[in-house]
Amino acid sequence: MIGQSVGAYTNATHGMTLAAVSLPYYRYILPYGVQKFKRFAVNVWDVDTEGKTDEQIAKEGLNAMEAWMKELGLVMNISDLGATEDMLKGIADGTIILPGGYKVLEHDEIVKILKESL
């Protein structure tokens with residue numbers, strides 16, 4: 001839902017906003033779903049697990065995803081979509097917080113993720 005709100009402020013497409021906010025969001029929630037992120041790293045990115053903690057494996061998977069997204073030429077920052085720091089509170093205010101997932105985000109956490117997305 002963070003991406004939806006970014007799109008409302010920037011008129012960017014849904015896919016563009018998802019690309020720009022997904023990695024900061026995933027990195028923020030990683031500690032709450034480390035086993036799923038580990039599975040993603042191993043099954044999708046073929047990350048070698050030997051001698052690594054679950055968190056290291058999970059982070060390596062997100063790094064592989066980031067490299068792939070850059071290779072595709074995807075927009076990686078909401079600032080590239082026209083978002084500015086002045087918009088972040090409004091974008092966070094417009095983000096519908098849904099129950100479920102690895103962690104239900106609070107408003108200040110959404111702002112933090114948006115700052116990382118700039």
Within a Gaussian network of the chain (alpha carbon springs, distance under 10 Å), most fluctuating of E66, E55, E106 = E106
From a point 7 Å beyond the Cα of D93 in the direction of its Cβ, which residues of the range 1-18 have a backbone N at a distance under 18 Å?
-> 2-11
Would you calculate the separation in nanometres between label points at K115 and T53, each defined as 7 Å from the Cα along the Cα-to-beta-carbon direction?
-> 2.4
K89: which lysines have alpha carbons under 16 Å from its alpha carbon, excluding same-chain residues fewer than 8 sequence positions away?
-> K112, K115
For the Cα atoms of the chain, what angle does the longest principal axis make with the long axis of helix 34-45, in degrees from 0 to 90, nearest 10?
-> 80
Taking Cα atoms, how many degrees apart are the long axis of helix 14-29 and the longest axis of the chain, rounded to 10 and kept between 0 and 90?
-> 60
With r defined as the distance between the Cβ atoms of D108 and D46 and R0 fixed at 35 Å, what FRET efficiency is calculated, to the nearest 0.05?
-> 0.45
Report Rg(Cα)/(2.2 N^0.38 Å) for the range 28-118, keeping two decimals.
-> 1.25
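In the chain, what percent of the accessible surface is made up of carbon and sulfur (1.4 Å probe, ligands and nucleic acids excluded)? Write out the running numbers ahead of the final one.
Numbers: 3530 of 6870 Å².
It is 51 percent, rounded to a whole number.
Using the crude model of +1 on Lys and Arg Cβ and -1 on Asp and Glu Cβ, and no other charge, please compute the dipole size for the range 63-118 relative to its Cα centre, in debye to 20.
Details: 5 positive and 10 negative charges, 23 e Å.
Dipole about the Cα centre, nearest 20: 120 debye.
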Give the cross-link partners of K70 among the aspartates and glutamates, using a straight C-alpha distance below 20 Å as the criterion and excluding same-chain residues fewer than 8 apart.
-> D46, E60, D80, E116
Dividing the helical contributions, -39500 (n - 2.57) per DSSP H run of n ≥ 4, by the residues of the chain yields a 222 nm value, nearest 500 deg cm²/dmol, of -19500 deg cm²/dmol
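The values are calculated or read from the model by the stated rules, or taken from the named source; none is laboratory data. Since we're looking at a predicted model, the values are computed, not measured. Because the Cβ atoms are built from the backbone with ideal geometry, glycine has one as well, and the counts that use them run over all protein chains shown. These area figures cover heavy atoms from the full protein model, side chains too; ligands, DNA and RNA do not enter into them. Shrake-Rupley method; radii C 1.70, N 1.55, O 1.52, S 1.80 Å.
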